[in-house]
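Since the structure comes first, as C-alpha cells, the remarks are kept for the end.
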Amino acid sequence: MIDVLFILQCAYYTNGRAPTLDVWERRLLTSSHTGRRLREYIPPDVSYRVINSTLETGTTPDACFPPDAAYIRNKVDELKPKIVVACGKIAQQALDNIPHIPAPHPAWRQLSKQHSSEIRNKITAALEDYHERQL
C-alpha cells in the first residue's frame, strides 16, 4: 500500500512513445518541470506513485485526451493508496466516485509556492486523518 496516488492529466513525449513507468518516475518526473513542481506537493517520508489519467500520449504539450475512468479505477484498486490527489481538471473529471483531493496541475503557470504548500498541508492532514481512523 502506498500513501498517495497522484493522478495527472495527459502526458506528452516528443517521440510520441511513453517510457516505461519506472523510467518515467525515476528520470522524467525528477527532471521535468511538472516533476519538480509536483515534488513541492509531497510531504517528507511519504510513499507515492504518479499515473496519468489515460494511457494515451501526445506529441505536444497541448495534447489533451479524455480521462479513462476504468484505467484510473484499476490503478486505484491495484495500488490501494491511502489518499488520491487529482492534479488538474481533466484528472478530476474521472474521479466522481473516488474520494480525492483536487489540486492544480503542477505545470499550471500560476502555481505559487503558497498553492503548493496548501496542497502539501491538505495531503498531510488527510494522511493523519487516515491513520487516526485506522486506530
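Quick notes on this structure:
- Within the stretch 84-107, being over 17 Å from GLU40 (Cβ atoms) and within 11 Å of the chain's Cα centre (by Cα) holds for VAL84, ALA91, GLN92, HIS100.
- Among residues of the stretch 58-72 that are in a loop (DSSP other than H, G, I, E, B), those with a Cβ under 8 angstrom from a residue that is among the acidic types (Asp, Glu), sequence gap 6+ or separate chain, pair up as PHE65/GLU56; ASP68/GLU56.
Residue-by-condition table, conditions (1) assigned to a helix (DSSP H, G or I); (2) surrounded by fewer than 19 Cβ atoms within 10 Å (Cβ to Cβ); (3) at pLDDT below 95:
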{"residue": "ASN74", "(1), (2), (3)": "yes, yes, yes"}
{"residue": "PRO81", "(1), (2), (3)": "no, no, no"}
{"residue": "ALA91", "(1), (2), (3)": "yes, no, yes"}
{"residue": "PRO99", "(1), (2), (3)": "no, yes, yes"}
{"residue": "HIS105", "(1), (2), (3)": "no, no, yes"}
{"residue": "ASN121", "(1), (2), (3)": "yes, yes, no"}
{"residue": "LEU127", "(1), (2), (3)": "yes, yes, no"}
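- Filtering the stretch 98-115 to residues that are closer than 22 Å to ASP62 by Cβ and among the hydrophobic types (A, V, I, L, M, F, W, C) leaves ALA103, ALA107, TRP108, LEU111.
- Tallying residues that are under 16 Å from LEU5 (Cα atoms) and either hydroxyl-bearing (Ser, Thr, Tyr) or touching a Cys at 6+ places or on another chain (Cβ under 6 Å) (or both) within the stretch 107-135 yields 2.
- Scanning the stretch 32-50 for residues that are modelled with pLDDT under 90, hydroxyl-bearing (Ser, Thr, Tyr) and either outside any loop (DSSP other than H, G, I, E, B) or crowded, with 16+ Cβ neighbours inside 10 Å (or both) gives a single hit, THR34.
- Any chance ARG27 is at pLDDT 85 or above and either charged (D, E, K, R) or in contact with a Leu (Cβ under 6 Å, 6 or more places away or on another chain) (or both): no
The values are calculated or read from the model by the stated rules, or taken from the named source; none is laboratory data. Bear in mind the structure is a predicted one, so any value in this text is a computation, not a measurement. Neighbour counts run over all protein chains shown; Cβ positions are idealised from the backbone, glycine included.
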